[in-house]
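Asks: Got a structure for you, questions after.
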Amino acid sequence: MAAATAYAAASAVSTPRVPITTVRTPRCSTLPYLPPRLSTSSFSSNSIRQVSESRRFSSVQTRASSSSEETSLDANEIFTDLKEKWDAVENKSTVLLYGGGAIVAVWLSSIVVGAINSVPLLPKIMELVGLGYTGWFVYRYLLFKQSRKELATDIEALKKKITGTE
């Protein structure tokens with residue numbers, strides 16, 4: 001044990017103590033450059049006219065008010081209506097199964113859309129496909145009076161088929 005203390009004392013004496021200094025770098029924070037101020041000569045007469053028109057119309061105030069003829073929706077009324085409809089449902093397990101399936105379908109479709117969106121060129125192609133289909137739909141069903149009537153009858157037939165009143 002005496003040898004160990006003698007060795008520790010010798011090593012402590014033989015190693016000089018050097019003060020530990022850390023090099024500090026000066027920290028400077030710079031502010032972002034601001035755009036130059038606009039001079040009064042850069043304003044056009046059009047922008048001055050727009051400012052004066054906006055001041056003129058700022059004094060016009062509108063207020064929304066409800067008339068006594070309109071009925072307001074009460075939260076309790078909505079909940080009681082929903083409860084009555086839920087109690088009227090015969091096969092509740094099927095409704096819950098369809099509802100859960102719809103939630104899972106929306107979740108999976110969001111995953112698929114996210115995956116498609118990550119492919120570089122595919123989102124733009126899908127936008128073009130969507131625009132093309134929208135143009136076709138407008139031309140086929142909305143542009144002419146006869147085709148609008150056809151669309152309305154198709155929608156009514158689909159509503160009757162879904163509700164079972166056919």
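Laboratory data are not the source of any read-out in this text; all were calculated from the coordinates shown. Note that the structure is a prediction, hence the values are computed from the model and not measured. Here the Cβ is made from the backbone with ideal geometry for all residues, glycine too, and neighbour counts use every protein chain on show.
Asks: Once you place label points 7 Å from the Cα toward the Cβ at PHE137 and THR153, how far apart are they in nm?
Replies: In this crude spin-label approximation the distance works out to 2.2 nm.
Asks: Cut-off 19 Å, label point 7 angstrom out along Cα-to-Cβ of VAL129: give me the residues of the range 93-119 whose amide nitrogen falls inside.
Replies: Of the residues in the range 93-119, 106-119 have backbone N under 19 Å from the label point off VAL129.
Asks: If you don't mind, another one. Which pairs in the list LYS92/LYS149; LYS83/LYS160; LYS92/LYS159; LYS85/LYS161; LYS92/LYS145; LYS92/LYS160 are over 32 Å apart, alpha-carbon to alpha-carbon?
Replies: The answer is LYS92/LYS149; LYS92/LYS145.
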